[in-house]
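The values are calculated or read from the model by the stated rules, or taken from the named source; none is laboratory data. This one's a predicted model, so the numbers in the text were calculated from it and none came from an experiment. Quick note on the areas: whole protein, heavy atoms, side chains included, nothing else; ligands and nucleic acids left out. Shrake-Rupley method; radii C 1.70, N 1.55, O 1.52, S 1.80 Å.
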Amino acid sequence: PQQINLSSWLTGITNSFYERAQSREQAIEIDLPATLTPIVSDQASLERVFAELLTNACKYTPPGETLSIAAIANSEDQVLATIANTGVEIPAAELPRIFDKFYRVPSSDPWKQGGTGLGLALVQKLLVHIGGDIQVTSDRSGTAFKITLPLDMTLAV
């Protein structure tokens, strides 16, 4: 575990997705306060989590829609990070299964890019490993993955 300044670190990761988003006519919005408390966590695991979620957001967001990433301190010992996209809804009946290994929502890949269905299962496992959690909400306006992270994983696990 190491100390991570989430605001600058997440901005750096998100910046690496701008070219992909632009090529798909998507916008990216970042709302990360500079005053966000640093966390102590496994940076490699967090990088995999956020890269997977941003990859999926780019993959499933229609042209002309928006991807957003935000984070806030939601308590004295946790940070809430949200990766959301507009213009796509995961059907309510599919939500309970999206973290299952090898599961893919039927007919949700507009570019027919394929995939193994392991990404979200890995995200969930990595977050449990560092003492975090992930929830998803989805409706006609879009989909949001909400990640709860402990400020110090060495105290949370």
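For the chain, what is the accessible area per residue in Å², given a 1.4 Å probe and the full set of protein chains?
Details: 8240 Å² over 157 residues.
For the chain, the per-residue accessible area is 52 Å².
Taking amide H atoms as placed 1.01 Å from N in the peptide plane, the amide H of Asn74 lies under 5 Å from those of Val79, Leu80, each 5 or more residues away in sequence or on another chain.
Using a probe radius of 1.4 angstrom, the carbon and sulfur fraction of the accessible surface of the chain is 51%.
Rounded to the nearest 500 deg cm²/dmol, what is the calculated helix-only ellipticity per residue at 222 nm for the chain, with -39500 (n - 2.57) per DSSP H run of length n ≥ 4?
Working: 5 runs with 49 residues, N = 157.
So the helix-based figure for the chain works out to -9000 deg cm²/dmol.
Specify the inter-centroid distance of the stretch 37-51 and the stretch 139-157, based on alpha-carbon positions, in whole Å. Rounded to whole Å, the Cα centres lie 11 Å apart.
Starting from the alpha-carbon convex hull of the chain, give the projected area averaged over all orientations, in nm².
8.7 nm²
Each residue of the stretch 13-20 was assigned a 3J(HN,Hα) from its phi angle through the Karplus curve 6.51 cos²θ - 1.76 cosθ + 1.60 (θ = phi - 60°); the sequence is 5, 5, 4, 6, 9, 4, 4, 4 Hz, with glycine and proline shown as x.
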